[in-house]
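Since the structure comes first, as structure tokens, the remarks are kept for the end.
Rule-based calculations on the coordinates, nothing more; no lab input. Note that this is a predicted model, so its numbers are computed, not measured. Note: ideal-geometry Cβ built from the backbone for every residue, glycine included; neighbour counts use all protein chains shown.
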Amino acid sequence: MAEVDESGASRASSFADQLPPEARRRARLYAWLYLGAALVLLPWIVYLADTLPRRTFDLHYRAAWVGFDLILVLALLRTAYLAFRVDPRIQVPAIVTATLLFADAWFDITTSSSRADLLQALVLAALIEIPAALFTLSLARRVQRRLFERAGIDPDPPSEP
């Protein structure tokens, strides 16, 4: 939970302060990874805006893809921001980011118009989008487990028979 200091500024440091130094370093590394992913996507979005075909049956094809990728950049930036702060609220933007990465992989594959496009979409999905989504879900789960442990709640309750 966020605390408020004398100046009225909100701090989420109570959670971060209780983490071991290695966990804080790892959080910073993850933050840099998400920030880097967002920055790498920006030139890709410009490229898409310039090269995606104009389709007569879908007048907003370019806008749909560019807009989707911009939303993905915003999710990555929010995830990076909360990782830099070592803020436990990272779970929500991490899950949003993972969902968008899965959706991006799916639609890249299913909207491929040629074999070369399909091969490119499959390679990107297999090597980048799906692993990044799984890593992001793992991050959200690790934060959730740490919060449960801190609250004294068993993160893995026994399953019902």
**OP:** Going by C-beta contacts inside 10 Å, put T79, T51 in order with the fewest on the left.
**Re:** T51, T79
Original post:
When the Kirkwood radius is taken over all Cα pairs of segment 20-150, what Stokes-Einstein diffusion coefficient follows at 37 °C and 0.692 mPa s, in µm²/s?
Top reply: 209
Original post:
Computed FRET efficiency, Cβ-Cβ of T99 and R24, R0 35 Å: what is it to the nearest 0.05?
Top reply: 0.85
**OP:** Between beta-carbons, use under 10 Å as the cut-off and find the net charge around D108, counting Lys and Arg +1, Asp and Glu -1.
**Re:** -3
Original post:
What ranking do I128, I90, I95 get, fewest neighbouring Cβ atoms within 10 angstrom at the top?
Top reply: I128, I95, I90
